[in-house]
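No lab work stands behind these numbers, since they all come straight from the coordinates. Keep in mind that what you see is a predicted model, and the values were worked out from it rather than measured. Cβ placement follows ideal geometry from the backbone for every residue including glycine, while neighbour counts extend to all protein chains displayed.
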Amino acid sequence: MEGLQSNITLWQRFANVDLGNAIANGFSASQIYGVWNYQNPSAIGDEVRHFVRLYRGQYRARLIYIKSPASGIGHIYLAKMDTGLNEAVIIPDVEFYAATTAFNQMLVSDFELEHSGSFYVRMFTDSKTPPSTGYFMPITCLNLERLSD
């Protein structure tokens, strides 16, 4: 298939909003690349997505994000573009909450993609830790790197 990628970085500021409010920017010299993005105001059920075309195989996902007192629990899936059905779990549960802001967080997760093709990377929140005051998903970027066939 033509146009497939084996390594891609998805910047949250370029995500498409599926549910919820528009993408907002946060800036700080404390965060790698100096920026993070989130839906503002946040709400349960917020969802953004990125379009990708990937080869089948083993992948490593690297999520760069921030933890904060107003953040929720997020999930990152790969869904088939033609059906919308989830094809792979990239990162099942991301705890974005912390009692104080924590910059430069990184989560690494491996997953397998059984078919090459066109997909949506779905990022959504559906819950929060009880002391959290919101549902923010403050993300800088997500990198997907193909490790093998």
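Mind listing the long-range amide H neighbours of Ser116? Cut-off is under 5 Å, sequence gap 5 or more, other chains count too, H placed in the peptide plane at 1.01 Å from N. Counting only residues 5 or more places away or on other chains, the set is Arg56.
Roughly speaking, what is the centre-to-centre gap between segment 47-61 and segment 95-149 when only Cα atoms are used, to the nearest Å? Spelled out, the Cα-based centre of one part sits 12 Å from the other.
Counted by Cβ distance under 15 Å from Trp11, the other residues give a net charge of +3, where Lys and Arg count +1 and Asp and Glu count -1. For segment 128-136, the Karplus equation 6.51 cos²θ - 1.76 cosθ + 1.60, evaluated at θ = phi - 60°, returns couplings of 8, 6, x, x, 5, 9, x, 10, 4 Hz by residue, with Gly and Pro reported as x. Comparing the chain with the 2.2 N^0.38 Å rule of thumb, its C-alpha radius of gyration ratio is 1.01 (two decimals).
Counted residue by residue at 0.36 nm each, then reduced by the alpha carbon distance between them, the extension gain from Ala22 to Asp149 reaches 42.1 nm. If you run the Gaussian network model on the chain, springs between alpha carbon atoms under 10 Å, then out of Leu54, Leu107, Leu78 the most flexible one is Leu107.
For Ile90, list long-range residues whose amide hydrogen, built 1.01 Å from N in the peptide plane, is under 5 Å from its own amide hydrogen. Long-range HN contacts for Ile90: Ile76, Tyr77, Leu78.
Scalar couplings 3J(HN,Hα) for segment 20-26, obtained by applying the Karplus form with A = 6.51, B = -1.76, C = 1.60 to θ = phi - 60°, are x, 8, 5, 6, 10, 10, x Hz; x denotes Gly and Pro.
Normalising the Debye intensity of segment 1-70 to I(0), with uniform scatterers on Cα atoms only, and taking log10 at q = 0.11, 0.17, 0.20 Å⁻¹ returns -0.36, -0.78, -0.98. Dipole check for segment 7-138: with +1 at the C-beta of Lys and Arg, -1 at the C-beta of Asp and Glu, and the Cα centre as origin, the magnitude is about 340 Debye.
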